[in-house]
Amino acid sequence: MKISTHKAHFSEPFYLESGRILSEFDLAYETYGELNEDHSNAVVVCHALTGSHHAAGRYENDSKAGWWDGLIGDGKAIDTTKFFVICVNILGSSFGSTSPLSIEPSTGKEYRLRFPVLVISDVVKAQMKLFDRLGIKQAHAVVGGSLGGMQALCFAIEFPNFAKNIVMMATTYATKPWAIAFNKIAIEGIVRDPGFKNGNYDKEEISKNGLMGMALGRMAGHISFLSPASMDAKFGRAYVETDGTYELLGRYQVDRYMEYNGYGFPKRFDPLSYLYIAKMMNNFDCTRHYDTLKNALSLIKANVFMLSFSGDILFPPTLMKEMYEAFCDIGKKGNVEYECIDSDYGHDAFLVEIDKIEMQVKKALEWKKI
């Protein structure tokens, strides 16, 4: 599999939904496979909240493969011997695209809290500028889970002629209070931490020592990515071998797991980027310009494949089922498929249980109805 990593610079003004303007911006992206002669084999993969453009393969001396490596590659469900796969780091993220830590051209200083609030429509529109530059006028498919699924839905509604197939997993048409509440814990943890310094923290210090408020918020958020059943199967009531049962702060294995995921997170993901992307997720509602869900979905021309997971408590299956029923009500049943995958893992099943989704994804990419 051929892997290439790039950064594209755009010097023209970029008008955001909020009314703010980015005078210039960068997009980091990674590609896999080869674009065919007529540029018709592109598959756009959209990452989730804390993901990056590194979706598959390994960098030199990298101990960990890309976040969807089990799904993308030669002979895999998203087959890079057939498709040219492209994954773009969204605006606001801290992995190479323009973010709160980028230099604001008018001041010569980092944006920090002067960075504009972004919505899913903004990050999708920015990607469309990249695809136009690359000569990709129509993608074979757009595929994404969670925040990536929100992007896929936005592509389908706002750029209805762009993709032939849309594949959404573990996502929603609008972020509901349950998910917003989990995000609130992380947001409060970050902004109330003295080390945040109203956004003026030392980047090197955070990457070395972390940020306690963000770590605690991430622990709470991580609970929403799993499920009671998956936690019970993974940890049970096992105790840390070196801790005493009657030590007040002695830990269960699940305690240690929460610490591992929480304390390491701020060292690899920027706090400001987290705030901006969490706000982006909270603001997402595909109906906001169209009054109703049916009105929004009626604009879609692509085939749509939706996969939910029975154990997902962050975006429960009822949300995607509601979308499917709306599609049926407006006469689009022939172009839509919905399946709820039997899984106890939780929200992150779309990242972990590749064996449960690879056939569905392969089927979606082979549909030739449009």
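The values are calculated or read from the model by the stated rules, or taken from the named source; none is laboratory data. This structure is a prediction, so every number in the text was calculated from the model and none was measured. Every residue, glycine as well, gets a Cβ built from its backbone with ideal geometry; the counts of neighbours run over all protein chains shown. Keep in mind that these areas ignore ligands, DNA and RNA; they rest on the heavy atoms of the full protein, side chains included. Shrake-Rupley method; radii C 1.70, N 1.55, O 1.52, S 1.80 Å.
For region 74-134, the solvent-accessible area with a 1.4 angstrom probe is 35 square angstrom per residue. Checking the cross-link pairs K64/K184; K203/K279; K82/K267; K7/K82; K64/K109 against a 28 Å limit on the alpha carbon distance flags K64/K184; K82/K267; K64/K109 as lying beyond it. Projecting label points 7 angstrom from Cα along Cα→Cβ for D132 and L249 puts them 5.6 nm apart.
Name the chymotrypsin sites (Phe, Trp or Tyr not before Pro) in region 205-269 that are in a loop by DSSP and that have at most 12 other C-beta atoms within 10 Å, would you? Provide the component values of the computation, followed by the final result.
Values: sites: F225, F235, Y239, Y246, Y252, Y257, Y260, Y263, F269; in loops: Y246, F269.
Of the chymotrypsin sites (Phe, Trp or Tyr not before Pro), the ones in loops of region 205-269 whose Cβ has at most 12 other Cβ atoms within 10 Å are Y246.
Length gained on full extension, K362 to T107: 87.0 nm, using 0.36 nm per residue less the C-alpha separation.
Taking 0.36 nm per residue of separation and subtracting the Cα-Cα distance, full extension of the segment from E322 to D62 would add 89.5 nm. Computed from label points 7 Å out along Cα-Cβ, the spacing between D355 and R20 is 4.5 nm. Straight-line reach from K356: taking Cα to Cα under 19 Å and skipping same-chain neighbours fewer than 8 places apart, the lysines in range are K76, K234, K321.
Cα centroids of region 308-341 and region 1-44: 30 Å apart. Classify region 303-370 from the C-alpha gyration tensor, please: rounded if a/c falls under 1.5, else prolate or oblate depending on whether a/b exceeds b/c. Judged from the Cα gyration tensor, region 303-370 comes out oblate (a/c at least 1.5, b/c at or above a/b).
For K208, the aspartates and glutamates whose Cα comes closer than 18 Å to its Cα, not counting residues fewer than 8 places off in the same chain, are D193, E259, D270.
With a cut-off of 14 Å between beta carbons, the residues surrounding T242 carry a summed charge of -3, where Lys and Arg count +1 and Asp and Glu -1. The loop-placed trypsin sites (Lys or Arg not before Pro) in region 240-275, going by DSSP, that have at most 12 neighbouring Cβ atoms within 10 Å of their Cβ come out as R268.
Considering only A56, A238, A174, the mean-square fluctuation computed in a Gaussian network model of the chain, springs between alpha carbons under 10 angstrom, is largest for A238.
What are the membrane-span-like helices in the chain by this rule: whole DSSP H runs, Cα extent along the axis at least 15 Å, mean Kyte-Doolittle hydropathy at least 0.5? All intermediate terms of the calculation are to be shown ahead of the outcome.
Numbers: long enough: 120-133 (20 Å, -0.03); 147-158 (16 Å, 1.26); 177-192 (21 Å, 0.76); 212-225 (20 Å, 0.76); 253-264 (17 Å, -1.42); 271-283 (18 Å, 0.14); 317-329 (18 Å, -0.25).
Helices passing the filter in the chain: 147-158, 177-192, 212-225.
Within the shell defined by Cβ-Cβ distances under 14 Å, the residues around L275 carry a net charge of +4, with Lys and Arg each +1 and Asp and Glu each -1. Straight-distance candidates among the aspartates and glutamates for linking to K2, with alpha-carbon spacing under 16 Å and chain neighbours fewer than 8 residues away dropped: E30, E34, E60, D69, D74, D79.
Over all directions, the average projected area of the alpha-carbon convex hull for the chain comes to how many nm²? If you can, show how the numbers build up before the last one.
Working: hull surface 77.1 nm².
Over every viewing direction, the Cα hull of the chain projects on average to 19.3 nm².
Taking label positions 7 Å along the Cα-Cβ direction at both D38 and I330, the computed distance is 2.9 nm, reported to one decimal.
Under 10 Å, Cα contacts only: if you run a Gaussian network model on the chain, which one of T175, T292, T50 comes out with the highest mean-square fluctuation? Highest fluctuation among the options: T292. For the pair region 172-186 / region 63-122, the C-alpha centres are spaced 22 Å from each other.
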